[in-house]
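The values are calculated or read from the model by the stated rules, or taken from the named source; none is laboratory data. Just so it is clear, the model here is predicted, and its values are computed rather than measured. Cβ placement follows ideal geometry from the backbone for every residue including glycine, while neighbour counts extend to all protein chains displayed.
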Amino acid sequence: MRIVVTVKYVPDIASDRGFQDCRVVRTPAEGTINELDENAIEAALQLVEAAGEGEVVAVSVAGPDGAVALRKAFQMGAHRGVLVSDDALAGSDYFGTAAALAATVERLNADAPVDLVITGMAALDGLGSVVPTLLAAHLGWPALNLAKKVALADGAVTITREADDVTEELSARLPLVLSVADTANKPRLPNFKLIMAARTKEYETWSAADLALKPDAVGQAGARTETLSAAPRPPRDEVELVTDKGEGGKALAAFLIRNDLV
Amino acid sequence: MSTAALTDLFDVESELAPHERETRDTVRAFVDVEIRPHIARWFADAYFPREIVPAMAGLGLLGMHLEGYGCAGRSAVEYGLAMQEIEAGDSGLRTFVSVQGSLAMTAIAKNGSEEQRQRWLPGMAAGEIIGCFGLTEPTAGSDPGTMATTAVLTGGEWVLNGAKRWIGLASIADVAVIWAKALSDDGTPQVRGFLVPTATPGFTATPIEPKLSMRASIQCDIELTDVRLPEDAILPHNPGLRGPFACLNEARYGIVWGALGAARDSLEAALAYSAERLQFGKPLAAYQLTQEKLANMALAVAQAQLVALRLGRLKDEGRLDRHMISAGKLNSCRVAIEVARQARTILGGNGITLDHSPLRHANNLESVRTYEGTDEVHTLVLGQHLTGIAAFR
């Protein structure tokens, strides 16, 4: 069982986020792994553990700080890491990122067959949730998205997913691209031994040239969307405190109605 | 800025290496998920949550400062940081980690034979075997040299008789390290350690109840009545009181950090509450008296954390002296219990319920300041260090 997990380096959602030229300013000390990718790593580790053999390869398309995300994957137990990093990739949108990831998976697949690519349900800084599907399209593999439950048997993955009032079961044969929901599992905490091992564990760095990416397919040049503006939202309004003198329920209902929350 | 960053007055954070912060953050996340949501109920019910032991072992918390035998082999600073986070959850659960790792496992690692280490340590590190450490007796607390428990070698067997008190985990332990007086080669009684499987006939452990402190952990009376052990049950190395004292120093070092976890959690609880609780139309935090309390608590905790880190770095360099451990344990316990009690005052009447942590911490810290050397004993160790005069007797 050989599984590629995509991990993204994102600004810590608890930290203040800044923008410059419509791009997020990334400060190494404050960045972290996209939390939702931890569910993908967990899902991959569980499948490999159940199979009794295999490899989890964490892949990140990022600047040099992407190593932070890889190290987190190592701490959880990923066996190998690839950082796809190149100035030519800066400014990639969903299409460019998916192209770079697809080329990475293809290169890994050429060395030894990749059974599965697992991603998180979204990146907390982008919230597009389209990269898994774009990646599957690039690879010509089926995509199973937003899995709440994942079962692997006889060369096929069956997932359960929930949307509003519908529960679906979907299945596809390997190889495929799978995105897991944040309810799919509880990501494990890294243990002390893996934390120490991850300090010195080496990852590979691949450039756009290593992956034979066409310059017009990635980076700013390959971007099909343009960010026109990006600025922090003003802080939320003052908290409205209501002292309950028997009318608290009515005040709450009025607040919810006023703010279109019901 | 997070609360943790606010109360780190001297940016101690930046003194920590990335892997040290990651170790701490892992334990903090563990406490947030596995301990905080349940601790009030466990404390109320006087329940030790044995079900979280496998997860603690999975992180590498049990015997984490020991090398080999399935132990994580982490530094003193990392061990201290982990203890601080566990005790921010509850002193009783940190006590479990201390008894298992710093006392029982350390006794075997420091004083045991290679066969004994191989037999017991991997299972203890994995949390599959629970250990306890029997030194204190009903009439021998601060003065363990007066212990009455005896071990006599007859017919190729050791026979142990006596009683122990305040022994953490004894009623759920699989193996007990029991310290008893045996005759040395020259015929004088000498304190020796013995590995006693708790299923051995004549071994009885009874939890001490009811308690007003450490309710989420277990402390027991042990009765030893003609407990027969094979000849190789004795710990061969370091005869005399230095055997158990070396273990106690490990546990005391853990307390230097651990108690500050309880203090920090109390401070954070009071700080959060003071911002929300309105009296006379403004938050408690807006009153000068509250701010003074918060400032004094934050200052005391931050200073003590610097001391703990300094002691940890010295320990990692092999330069930690006995009086330093006493100074650190005394200081941390004093600070922690004072901060926990002061934090309770900010919580007002609500602070006496289990909805808030400070009084629970304060009650637990009554035990923490008493075990592994009382405040008084550590004061006298410092007195002896300064004057050269032992005033214990």
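Quick notes on this one:
- The set of residues in segment A:66-91 being farther than 30 Å from A:Glu226 by Cβ and in contact with a Leu (Cβ under 8 Å, 6 or more places away or on another chain) consists of A:Phe74, A:Gln75, A:Met76, A:Gly77, A:Ala78, A:Gly81.
- Subset of segment B:4-19 [aliphatic (A, V, I, L, M), free of Cβ contacts under 8 Å to residues at least 60 places away in the same chain and assigned to a helix (DSSP H, G or I)]: B:Ala5
- Looking only at residues in segment A:40-89 that are in a loop (DSSP other than H, G, I, E, B), away from chain B (no Cβ under 14 Å) and among the small types (Gly, Ala, Ser), the one that is nearest to A:Lys193 (Cα to Cα) is A:Ala78.
- The residues of segment B:20-51 that are within 14 Å of another protein chain (Cβ to nearest Cβ) and either more than 19 Å from B:Gly258 (Cα to Cα) or outside any helix (DSSP H, G or I) (or both) amount to a single one, B:Pro37.
- Counted residues, segment B:238-275 - those being in contact with a Lys or Arg (Cβ under 7 Å, 6 or more places away or on another chain) and either of a type in the set (Ser, Thr, Tyr) or not in a helix (DSSP H, G or I) (or both): 3
- Residue among B:Asp226, B:Asp186 that alone is surrounded by fewer than 23 Cβ atoms within 10 Å (Cβ to Cβ), farther than 19 Å from B:Leu93 by Cα, without any contact (Cβ under 8 Å) to a residue 12 or more places away in the chain and not assigned by TED's automatic domain parsing to the domain that holds B:Arg319: B:Asp186
- Filter result for B:Ala55 (touching a residue at least 12 places away in the same chain (Cβ under 8 Å), assigned to a helix (DSSP H, G or I), within 10 Å of chain A (Cβ to nearest Cβ) and in contact with a Ser or Thr (Cβ under 7 Å, 6 or more places away or on another chain)): no
- A:Ala137 being of a type outside the set (S, T, N, Q) and either crowded, with 22+ Cβ neighbours inside 10 Å or part of a helix (DSSP H, G or I) (or both): yes
Residues are listed down the side, and each one gets a yes or a no for (1) among the basic types (Lys, Arg); (2) surrounded by 14 or more Cβ atoms within 10 Å (Cβ to Cβ); (3) within 14 Å of chain A (Cβ to nearest Cβ):
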| residue | (1), (2), (3) |
| --- | --- |
| B:Glu268 | no, yes, no |
| B:Leu278 | no, no, yes |
| B:Tyr287 | no, yes, no |
| B:Gln291 | no, no, no |
| B:Ala300 | no, yes, no |
| B:Ala304 | no, yes, no |
| B:Leu314 | no, yes, no |
| B:Asp321 | no, no, no |
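- Within segment B:333-368, the only residue that satisfies the criterion of being among the basic types (Lys, Arg), surrounded by fewer than 22 Cβ atoms within 10 Å (Cβ to Cβ) and under 21 Å from B:Phe43 (Cα atoms) is B:Arg341.
- If you go through segment B:355-393 and pick out every residue that is of a type in the set (Gly, Ala, Ser), in contact with a strand residue (DSSP E or B) (Cβ under 9 Å, 6 or more places away or on another chain) and either at positive phi or part of a loop (DSSP other than H, G, I, E, B) (or both), you end up with 0.
- B:Ala272 passes every criterion in (1) crowded, with 24+ Cβ neighbours inside 10 Å; (2) of a type in the set (A, V, I, L, M, F, W, C); (3) within 14 Å of B:Gly351 (Cβ to Cβ) apart from (1).
- Pairs, first over 20 Å from A:Ala212 (Cβ atoms) and at pLDDT 90 or above in segment A:76-95, second surrounded by fewer than 20 Cβ atoms within 10 Å (Cβ to Cβ) and among the basic types (Lys, Arg), C-beta under 8 Å, six or more apart: A:Met76/A:Arg188; A:Gly77/A:Arg188; A:Gly81/A:Lys201
- In segment A:195-220, the residues that are under 28 Å from A:Gly96 (Cβ atoms) and away from chain B (no Cβ under 12 Å) reach residues that are in a loop (DSSP other than H, G, I, E, B) and of a type in the set (Ser, Thr, Tyr) with C-beta atoms within less than 8 angstrom, at least six apart or across chains, in these pairs: A:Thr205/A:Ser85; A:Trp206/A:Ser85; A:Ser207/A:Ser85; A:Val218/A:Ser92; A:Gly219/A:Ser92; A:Gln220/A:Ser92.
- A:Leu144 vs. criteria assigned to a strand (DSSP E or B), surrounded by 15 or more Cβ atoms within 10 Å (Cβ to Cβ) and of a type in the set (A, V, I, L, M, F, W, C): yes
- Matching option when the condition is free of Cβ contacts under 8 Å to residues at least 24 places away in the same chain and among the aliphatic types (A, V, I, L, M), among B:Leu314, B:Leu347: B:Leu314
- If you go through segment B:293-346 and keep only what is small (Gly, Ala, Ser), part of a helix (DSSP H, G or I) and either farther than 21 Å from B:Ala88 by Cβ or touching a strand residue (DSSP E or B) at 6+ places or on another chain (Cβ under 6 Å) (or both), you end up with B:Ser326, B:Ala327.
- Options B:Ala251, B:Ala233, B:Ala151; residue that is small (Gly, Ala, Ser), touching a Leu at 6+ places or on another chain (Cβ under 8 Å), within 27 Å of B:Cys333 (Cα to Cα) and buried (at least 18 other Cβ atoms within 10 Å of the Cβ): B:Ala251
- In segment B:88-129, the residues that are surrounded by fewer than 24 Cβ atoms within 10 Å (Cβ to Cβ), closer than 15 Å to B:Met56 by Cα and touching a strand residue (DSSP E or B) at 6+ places or on another chain (Cβ under 8 Å): B:Ile129
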